[in-house]
1. Please specify each residue of the range 39-74 satisfying the condition of being closer than 26 Å to Tyr26 by Cβ and among the β-branched types (Val, Ile, Thr).
2. Just one of Ala102, Ala81, Ala89 is part of a loop (DSSP other than H, G, I, E, B) and at pLDDT below 80; which is it?
3. Have a look at Thr38, Thr63, Thr22, Thr14 and point out the one that is touching a Pro at 6+ places or on another chain (Cβ under 9 Å) and in a helix (DSSP H, G or I).
4. Report, ordered by the first and then the second residue, all pairs with beta carbons closer than 8 Å, sequence separation of six or more or different chains, a first member in the range 42-64 that is among the polar types (S, T, N, Q), and a second member that is in a helix (DSSP H, G or I) and surrounded by 10 or more Cβ atoms within 10 Å (Cβ to Cβ).
Amino acid sequence: MASDYDNQLIESVTVRRNRLLTALLYGSNPNERRWADTVKLFLFSIALAALIAAVCVGYSFVTNLLEQNRAKQAEQQQGSALTYGAEAALESDPHLSIETGAWPSWRMPIHG
């Protein structure tokens, strides 16, 4: 009988310690604790979703910016190659217009 009482006392002290510990850590009302945990989890999920969306938008912005820079550089390189080719053509044919690189209207070649 005495050992049953001792075991019961030890068990009740353990349960009381656990209850005091959870009350200290999370508050005394278990219903309020569950509600607060749910709200915290919801707010954390919203913050995480906003962070993921911001990372995706930032990545898209940076890749778009880099692609535009690459296109601009390629256009400049092609433009410089075309400009060099046009200058060579203008130097070889004095009848071409310097401003437009085209034949003047009175000097249009007739094919046929």
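The values are calculated or read from the model by the stated rules, or taken from the named source; none is laboratory data. This structure is a prediction, so every number in the text was calculated from the model and none was measured. Methodologically, a virtual Cβ is constructed for each residue, glycine included, from the backbone with ideal geometry; neighbour enumeration extends over all protein chains shown.
1. Scanning the range 39-74 gives Val39, Ile46.
2. Result of the check over Ala102, Ala81, Ala89: Ala102.
3. One residue alone meets the criteria, Thr22.
4. none
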